[in-house]
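Just so it is clear, none of the values below were taken in a lab; they were calculated from the coordinates. This one's a predicted model, so the numbers in the text were calculated from it and none came from an experiment. Please note: Cβ atoms are built from the backbone with ideal geometry, for glycine as well, and neighbour counts cover all protein chains shown.
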Amino acid sequence: MSDGEPAPGYRRLPLTEVPSASPRRRRHAVAAGLIAGYLVAAVGVIAAHGLVAMPEWLALHLLVLGAASSAVLVYSRHFAQALLHARPGPEWPAGARLAVFNVGAIAVLTGMSLGWSGLAVTGAGLVVVAVLAHTVSLVRMARAASLSGRLRIVVWYYVAAGTCLLVGGTLGGLLAGHAMRSLGWEQAVRLAHAHLNLLGWLGLVVVGTLFMLWPAVLRTRMADSAPPTARRVLVILVAGLTVAVTGAVLTGWAPGWHWLAALGMTGYLGGIGYALVPAVGEMRVKPPRSSAPVALLAGNGWLLAAVTIDILGLALGGTTADDLLGRLLVPMLGIGVVAQILTGALTFLIPVTVGGGPAGNRRLTEVLQYAWLPRAVLGNLGTLLLALPIVGAPRVLAWVLVVIGFGSFPALVVAALVTAHRPAAKNDDRARRLAGHEVLAIGCVAAVLAVLSLVATGTWPGRSADTPPGTATTAASGVPVPVSLDEFAITPGAITVAPGTDLVLTVRNTGRTSHDLELDGQHRTGLLAPGQQQTVDFGVVTHDEQAWCGVPGHREAGMVLTIRTTTSTDGSATGQQGPAMAGMGMNAAPAPDWRPYDPALQPAPGGSAHDVTLRIDQTTVEIAPGVRQQVWTYNGTVPGPVLHGRVGDLFTVHVINNGDMPHSIDFHASQVDPGAAMRAIPPGGELTYSFRADHAGIWLYHCETAPMIQHLAMGMYGAVIIDPPTLDPVAASEVLTQSEFYLGQNGGVPAMSALLAANPDLVVFNGYADQYRDAPIHVRAGQRIRLWVLDAGPSEPSAFHVVGAQFDTVFKEGAYQLLPGNAANGAAQELDVQPGEGGFVELTLAQPGTYTFTTHRLADAQRGAMGSIIAEP
C-alpha cells in the first residue's frame, strides 16, 4: 500500500493525538532535536558576527532552510494525515526525505559560506529532490483519501508551498552557481527566490496551518467560516505571489516592472488579512493566554508588517527594494515571523507528538512554556529595536533581548526531550520547575556572556567606529586597493598612504544589503547592491581622513575606513609617481622576445554573419623599450583585434570577463540600446552583443565601465572596419590606432589625476611607442596603399601625416573629403581626427625610401607616436 493510502475502517486521528508506537515518537523527537540544533546554530552565528562569513545570510538560512523547513517536512505530513484521515504508512520514506533534505541544506549552507559554488548547487539539487518527493507524497495522500475533514484544503496549501520551493530552490541553485551573472538578472532572480521561499514555501504553510492550529492551541471550536475562507484565501495568496514573482523576474528585463511585483504583494497582503478573520472570531471566544497562541499571534503581526514593508520597497523599485528587504529581512521575517511562529508551533506540537499521552503532554508543555511571557516580551522588544535604525549600544541591547527571548527556546526543547524520557516521579511538578529555572538561567547567562565578550572584542555589529575590522594595508598612487563592505564592517579597516597619493579603491559589497563608500562628501561610489563592485578614484590624499558608508545608520554602526598618511625617513613623500619618462630611453631597443602588433588589415571573412569571441584579461606588457605597464585587454593585445566586415553584416560578439573587476564593451559601429548591450560584465561573467553594421567607416570599440577614461587608458579599445561599398582594391591596407599611456607607479594603474590632466607619458600607434621604427611597415614603391587611422584617445587628438607624401584620397567619419582622379581637387597633407573618430587615406609612394608617419602634434610625436614605412623598389 502506498505512503499515505487510507486503510478500510481506519479511525480518524485527532490533531492532538499521536499513535503510541515508539518509532513515530522517536522520529518526532529526532525532528525536534534537529530543529533545536538549527536554532542553536542560528543563535551562534548571530553572536559570532564579524567572525563568520555572511552572518545575516547564514543565520536567516539556518532558520528558514534548516529549522523551519525541517519542521514543515515533518509536521505538514502529520497534519495532512490527520486532516485526510489517512493511514500513516511506513516511516522510512518520510525519514529518507528528511535526511536527503538536510544533507542538501547543510551542503548549501557550507558551500555558500565557503564560496564553494559546486557544493552549494549540489545541495540545492538535493533540497529540490526531497521537497519534490514530499509534495508528490502529499498529492498521492490527498487523492487516495476516501474520507477527509472540513479543512482538507489545507493539504493543498502544503502542495502549493512545495511547488514554490521547487521553483525557488531551483533559482537558488542558479544563483549559487552564478548562472544569472552573465545575463544581468541576478538581482531580479534573487528577489524572486526570496519571495518564493519565504512567502511561498513558509508563508503558505503558516497561513494554511493557522486555520486548524489556531483553534487547537486556543482549545476552542473552529469557526464555521474557516473552511470556505481557507479555500478563497489559497486562491488569493497563490495568485498574488505568482504576480509578484513574475514582476520581480521581469525587473531584470526592464526596471519598470517593479510595480507589478508590488501589486502582487498587495494582493498577498489582502489574503493574509482575510485569513485572519476566522482567527479573530475564535480569539474573541477564547483569548490567548499561553505561550503557543501568543507566539502565533505576534508572528502573524510581524508577517503583516514585513509584507507591508516589502510592498513599499517594491513600489519604490531599483535597489530600494533590495535595501529595505535586506535591512528588515533578519529582524522582521527571520526573527519576528519565522523564529517566533516556529517556537509557538513547537511549544504545542512537541508535547502532542512526543509526550506519550495526557500526562506526558502536560509535563512537556510546562517545560516549554517556562517563563513564556517574559521571553515573549523580551524577544519581540528586541525584534522591534532591530527593525529601527538604531546603532551602537541600543543595537547591542536589542540583540541581547532577542537571544534571551527566543534564543533560550532551544535549551527548553532539549530539556523537554530529556523530560520525555524520564519516568514520572513524586514531586515531579517541583522538579520540572527547578529544571526549567536551571535551563533558562544557564541559557540567559551564556547569552549575556557571549554578547559582552563580542562587544569587548569589537566584533559585534554595534562596535565602536574607533576599532575598524580587518588589517591595515598600504596603497600606492593610482593602484586600486580592494575594499570589502559587509554588515557592518569595512575591510581593511585602515589604509596607509604617502601624502600626495592618488587613492583609488575597488569597492565590493560582500554583504547582504546595499552599501556605498564616500569620502569628504565629494568622492563616493554609487549605492552597491550585494555582489556589485566599483572602482573609484577618491582623489589625492594629503592628510588623515575617514571614509564611511553613507546609508543612514551604517556609519554609526561601525562602517568606517581610516586613511592615514605617512612620510619616508628622508622626509620625502613615498609612493608618488616619479618623472614620467625616467629610465626610459626612446632610442633603446625592445626586449628580445618583443613582437610588433601586426598592422596589416586582414580581408573581411566570407558571409554576412560573423561570430567573434573577445576575452577580457588583465596582464602586464612592455609598452616601450624597458617600460612595462599593467594593461586591461581584449584578447590579450593592445589594441584589441580588428573586426572587419561589410555594410549589412551581422556581428555577434561574445565577451567573457576573465578580470577581477567589472568591465563592458561599446561598439561605435552599432545602433543598440546601451542599457542592455553595454551593461557591466561582472568577473567571470559573459555578455553577448549583437549588432548589424549599417554604415561604412572605421569605428572605435572600447570599455564603457566608469571611469571610462581609466579603462581606455589601460588598453581596452579596438577597431571595427566596415568597408565602403565602392572601395577599390589596393596593394596594401594597414590599420594604425593612436592612443595614450599614463604610467602608473611600479607599472600599476595610473593616477586619476594624471588622466584628468590629459598629460600622457606616451602617445603610441597600436599599443607600443615607436614600434614601427623598430619594425617598419614594408610596401612596394609605386603601388597604392591605404592607411586606416583611428584615434582611441582617451584625450589626445591626432594630426596624422606621412613625411614626404601626400594623400590623394581622404575618407573621414563616413564621408569622402577628397577623391583621386581630379587634379583640381588637390591633395591632403593630414588626416585630423579627434578621440573616437577615424578614417583612411590613400597614397602612392612613388620613389623607394623610408617615409616617417607621425602625428603632427609634435609633442605627441616625441612621446612615441612615430613610425616608418619602407618603400622598396
Per-selection Rg to Rh, the stretch 609-872 - Cα, Kirkwood hydrodynamic radius | 0.97
Would you kindly give the portion of the calculated P(r) for the stretch 644-748 that falls above 23 Å, as a percent of all Cα pairs?
-> 36
If the chain between residue 850 and residue 117 were fully extended at 0.36 nm per residue, the gain over the current Cα-Cα distance would be 258.0 nm
Sites residue 474 and residue 518, calculated FRET efficiency, Cβ-Cβ separation with R0 25 Å, nearest 0.05 = 0.70
log10 I(q)/I(0), Debye, Cα-only the stretch 824-873, no solvent, q = 0.16 Å⁻¹?
-> -0.62
Please give the FRET efficiency for residue 231 paired with residue 708, using the beta carbon to beta carbon distance and R0 = 56 Å, rounded to the nearest 0.05.
-> 0.45
Taking one equal scatterer on every alpha-carbon of the stretch 72-170, how large is log10 of I(q)/I(0) by Debye at q = 0.19, 0.23 1/Å?
-> -0.86, -1.11
Which residues' amide hydrogens lie under 5 Å from the amide hydrogen of residue 817, considering only partners 5 or more residues apart or on another chain, with H built in the peptide plane?
-> 810, 811, 812
Calculate the radius of gyration of the Cα atoms of the stretch 717-802 to one decimal place, then report Dmax, the largest Cα-Cα distance, as a whole number, both in Å.
-> 16.0, 49
So for the pair residue 815, residue 731, with labels modelled 7 Å out along Cα→Cβ, what separation do we get in nm?
-> 3.2
Förster radius 25 Å - calculated FRET efficiency between residue 688 and residue 758 (Cβ-Cβ, nearest 0.05) = 0.15
Around residue 218, with a cut-off of 12 angstrom between Cβ atoms, what is the net charge of the other residues, counting Lys and Arg +1 and Asp and Glu -1?
-> +4
In order through the stretch 494-501: 3J(HN,Hα) via Karplus (6.51 cos²θ - 1.76 cosθ + 1.60), integer Hz, x for Gly, Pro | 8, 10, 9, 9, 7, x, x, 6
